[in-house]
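A short worksheet on the structure shown next.
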Amino acid sequence: MAKAFANISFTPKVKEFQTKMSSRDNYQNFELGENEVVALSEFEKQFIGERDSFYQATIAENGWPYVQHRGGPAGFIKILDDHTIGYADFTGNRQYLSVGNLLGDDRISLILMDYPRRQRLKIWGRARLIDELTDSNLLAQLEPEDSRAPIERGVVITVEAFDWNCPKYITPRYTQSDVNKLLAEAKSSSDKKAIYGYKYAGNAAIPLTITDIRQVAKNIRAYELTHSHGLDLPGYEAGSHITVPVMLPDGSETSRSYSLISPHKNTGPYIIAVKNEGHDQGASKVIHQHWQVGMEITTDQPKNYFSLHKDNRPAVLIAGGIGITPIKAMVEELLSRNSSFELHYTAKLSSEMAFYRELLESGSEYCHFYFSQQTNSQRLDLKKVLSKAPEQAVFYFCGPKNLLDASIRMANELGIERERIHFESFQ
Ligand SMILES: Cc1cc2nc3c(=O)[nH]c(=O)nc-3n(C[C@H](O)[C@H](O)[C@H](O)COP(=O)(O)OP(=O)(O)OC[C@H]3O[C@@H](n4cnc5c(N)ncnc54)[C@H](O)[C@@H]3O)c2cc1C
């Protein structure tokens, strides 16, 4: 399409100015290649077919351009074939400026706008005027549905070029019907919230009931989820997570992923631990404030993008804050396998460290705890931990972004092979 557009628009003076402004090199490419057969694709056809107005320029006999706004019901511009469009011209103020101009010069240029989506299509073409006497069949094709206004003529345009423009300076604007539609959507979303409150169950395959809630650290709660019909839940391995539905305060339905904190091969229940990140519009705050025992949600099969290796190589587990959730499942799995591992777990304070006591009791000789805001506490020294790790150890990192980044960087610096490094980001 670029060539047809350039042939029409890049006049000698335009080219001269492009050269002066150093944009000529870029635009010269538009003029290369074969002459094109101009054809509207389905994309342009749909765009044109949805419009309820456009701007149209014609050329007066005295050389003045004349721009006019045309409007009608959405879809009033008809697509007649791959390179012909047309519209019905209704009785107006009877100045007949565009019509008079087109009788002298058939060249026409249109701009079609989609303000909400910030799209703009320019069309160049040649127009011919038809009426009841010259082509009543074609005129009938141009008539909009439900039209009651008298049609004076049809304007049939053979498209010679078109061009899409950049959205940069298009301010989104909405018609009354766009606004009504958006209000209806918002209302249905708030109606849903009025009906369900935050008890939004989602529509995944597995029905779960919250059967227990425990505070496991400051801002962290563990939720026990049991199959609502008493059935076995799908099994999973350490490192897995499920995705749960949440309705946010603005009424929007969304979901968040949470790691399953103990591995299990079958039955149930599932247990997740959620840290309240404290954002007013955040899902974790909704979960803390509104999830109650007895509430039902749905989920899908657990997924695992953070699995443990299966062989006997030792594991080094590094967890920061809420990043302990998949790592805790790994600790349990490694203990049950009798596999060698070490855990390095860091949080700001012991009160913010979920499962501190449980881990301390489960295998204190393998577990090392670090508290970054507690006086007299040892700090996690990544270089020391990684460089002193047993030979061929496989590393697992989960926690805040800065801990993940630092752990990966250190592992790279120490030349630990990529295949031995595994991590999961919660972002
Ligand atoms: C595999 C995995 C396991 C996780 N396990 C745990 C866990 O065990 N415990 C825990 O507390 N957290 C876990 N998380 C993080 C959790 O999913 C949420 O991101 C967290 O609870 C913060 O959500 P929020 O809406 O309260 O916070 P916000 O600060 O509002 O959300 C954090 C940011 O991420 C965006 N965001 C987060 N999730 C989604 C999503 N699903 N779709 C679109 N945008 C999203 C939000 O828009 C926002 O920009 C896990 C995440 C992943 C990917």
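The values are calculated or read from the model by the stated rules, or taken from the named source; none is laboratory data. Source: prediction; values computed, not measured. Cβ: placed from backbone, ideal geometry, glycine included. Neighbour counts: every protein chain shown. Note: accessible area is taken over every heavy atom of the protein model, side chains too, but ligands, DNA and RNA are not part of it. Shrake-Rupley method; radii C 1.70, N 1.55, O 1.52, S 1.80 Å.
Computing the accessible area with a 1.4 Å probe over protein heavy atoms, can you report the carbon and sulfur percentage for the chain?
Result for the chain: 50 percent of the exposed heavy-atom area is carbon or sulfur.
For the stretch 162-239, report the % of Cα-Cα distances exceeding 19 Å.
The calculated P(r) of the stretch 162-239 puts 69 percent of pairs beyond 19 Å.
Measure nothing but the geometry: give the 0 to 90° angle between the long axis through the Cα atoms of 176-196 and the longest principal axis through the Cα atoms of the chain, rounded to 10°.
20 degrees
Can you tell me how the stretch 23-68 classifies by the Cα gyration tensor, rounded, prolate or oblate, using a/c under 1.5 as the rounded cut?
Since a/c reaches 1.5 but b/c is at least a/b, the shape of the stretch 23-68 is classed as oblate.
Let's test the formula: R0 of 25 Å, r as the Cβ-Cβ distance of N165 and E61. What FRET efficiency results, to the nearest 0.05?
Step by step, r from the Cβ atoms, then E = 0.25.
Using a 1.4 Å probe and counting only protein heavy atoms, arrange R24, R256 so the residue with the most accessible area comes first.
Largest to smallest exposure gives the sequence R256, R24.
About the Cα centre of the stretch 37-164, what is the dipole size in debye to 20, counting +1 per Lys and Arg Cβ and -1 per Asp and Glu Cβ, all else neutral?
On the way: 14 positive and 20 negative charges, 90 e Å.
Approximately 440 debye in magnitude.
Would you mind computing, in nm to one decimal, how far apart the modelled labels at F10 and A205 are, each placed 7 Å from Cα along Cα→Cβ?
5.6 nm
In a GNM of the chain with a 10 Å cut-off on Cα contacts, which of C166, C398, C367 has the highest mean-square fluctuation?
Of the options given, C166 has the highest mean-square fluctuation.
Over the stretch 206-304, average the accessible area per residue using a 1.4 Å probe and give it in Å², no decimals. Display every interim value, and only then the final one.
On the way: 4270 Å² over 99 residues.
Per residue, the stretch 206-304 has 43 Å² of solvent-accessible surface.
With contacts defined as alpha carbon pairs under 8 Å and 6 or more residues apart, what's the relative contact order of the stretch 37-164 in percent?
For the stretch 37-164, the relative contact order is 29 percent.
Based on the alpha-carbon gyration tensor of the chain and its eigenvalue square roots a ≥ b ≥ c, which shape applies: rounded if a/c is under 1.5, prolate if not and a/b is larger than b/c, or oblate?
Cα axes put the chain in the prolate bin.
Under a Cβ-only charge scheme (Lys and Arg +1, Asp and Glu -1), can you give me the dipole magnitude of the stretch 206-304 about the Cα centre, in debye to the nearest 20?
320 debye
By accessible area of protein heavy atoms, probe 1.4 Å, what ranking do W124, W64, W164 get, highest first?
The most accessible residue leads, giving W64, W164, W124.
What distance in nm lies between label points placed 7 Å from Cα along the C-beta direction at K20 and D381?
Distance between label points: 7.0 nm.
For the stretch 315-424, what does the alpha-carbon gyration tensor say about shape, rounded, prolate or oblate, given a ≥ b ≥ c as the root eigenvalues, a/c under 1.5 as rounded, and a/b over b/c as prolate?
oblate
For the pair V179 and R337, how long in nm is the line joining their label points, each one 7 Å along Cα→Cβ?
6.2 nm
To the nearest 10 Å², what's F76's accessible area with a 1.4 Å probe?
Counting only protein heavy atoms, F76 exposes about 10 Å² to solvent.
Which of Y396, Y66, Y198 ends up with the largest GNM mean-square fluctuation for the chain, with Cα atoms connected below 10 Å?
Y66
Determine the percent antiparallel among the DSSP beta bridges restricted to the chain, to the nearest 5.
75 percent
Just the number please: accessible area per residue for the stretch 4-109, 1.4 Å probe, all protein chains included, in Å².
Accessible surface, normalised per residue, equals 61 Å².
Provide F17, F306 ordered by accessible surface of protein heavy atoms (probe 1.4 Å), highest first. Before the final figure, lay out each step's value.
Details: F17 115, F306 5 Å².
Solvent-accessible surface, decreasing: F17, F306.
Calculate the dipole size of the stretch 326-376 relative to its Cα centre from +1 charges on Lys and Arg beta carbons and -1 charges on Asp and Glu beta carbons; express the result in debye to the nearest 20.
For this selection, approximately 120 debye.
Hey, quick one: spin label on Y305, modelled 7 Å out along Cα-Cβ, who in the stretch 320-348 has an amide N within reach, i.e. under 16 Å?
Label zone hits: 323, 326-327.
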